[in-house]
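First the structure, in the form of structure tokens, and then the observations on it.
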Amino acid sequence: MAGTGTPEDPWQLTTAPGTSNYSMYEDHSVDPPLLVCQVGSTKLTYLLRAKDDLAAMLTEHGDWMELGAADEKKPAKDGTVEAWGRSETNPVGGWYGQRKGYRGRFGMYLPPLLEELGLVELEHKPRGNRVRAV
């Protein structure tokens, strides 16, 4: 994987369908620590613990799960990674996304990072991709 996940050397990632490149890094200078996702000129932030929480949920789930990526203003399809990333029943009790207006797309940007870290298996089709724990 390109990058070490620091602000000076972010991870260089590609969405599951392979249509967009983006970078992510861990920001430990803020409380709580964040994952910063840079997609072109757009910056999204997610709670850093999302990496571990999502990996644990997928391990417990034990099977494939659809990504279901959606913008914040659009409803997430039930039973998807996106829906879990917003759910009041997840470990943080709601949104992992922290930047108002840009809290969505959890299902698009987190699974490729987990794949690069060796925590999940991710499909790479044009649409309808799924993820599962390894």
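The values are calculated or read from the model by the stated rules, or taken from the named source; none is laboratory data. The structure presented is a predicted model; accordingly, all values stated were derived computationally and were not measured. Positions of Cβ are generated from backbone atoms using ideal geometry, with glycine treated the same way; all protein chains shown enter the neighbour counts. Protein only, heavy atoms only, side chains kept; ligands, DNA and RNA dropped before computing areas. Shrake-Rupley method; radii C 1.70, N 1.55, O 1.52, S 1.80 Å.
Before moving on, here are some points about what is shown:
- Looking at Gly107, Gly118, just one residue is in contact with an Asp or Glu (Cβ under 6 Å, 6 or more places away or on another chain), at pLDDT 95 or above and open to solvent by less than 60 Å² (accessible area, probe 1.4 Å), and that residue is Gly107.
- Answer residue from segment 33-46, given it is farther than 15 Å from Glu116 by Cβ and in contact with a strand residue (DSSP E or B) (Cβ under 6 Å, 6 or more places away or on another chain) and is surrounded by the most Cβ atoms within 10 Å (Cβ to Cβ) among those: Tyr46
- Flag for Met1 being at pLDDT below 95 and either open to solvent by 80 Å² or more (accessible area, probe 1.4 Å) or in a strand (DSSP E or B) (or both): yes
- Top-ranked residue in segment 58-71 [being open to solvent by 30 Å² or more (accessible area, probe 1.4 Å) and more than 12 Å from the chain's Cα centre (by Cα); ranked as nearest to Arg105 (Cα to Cα)]: Asp71
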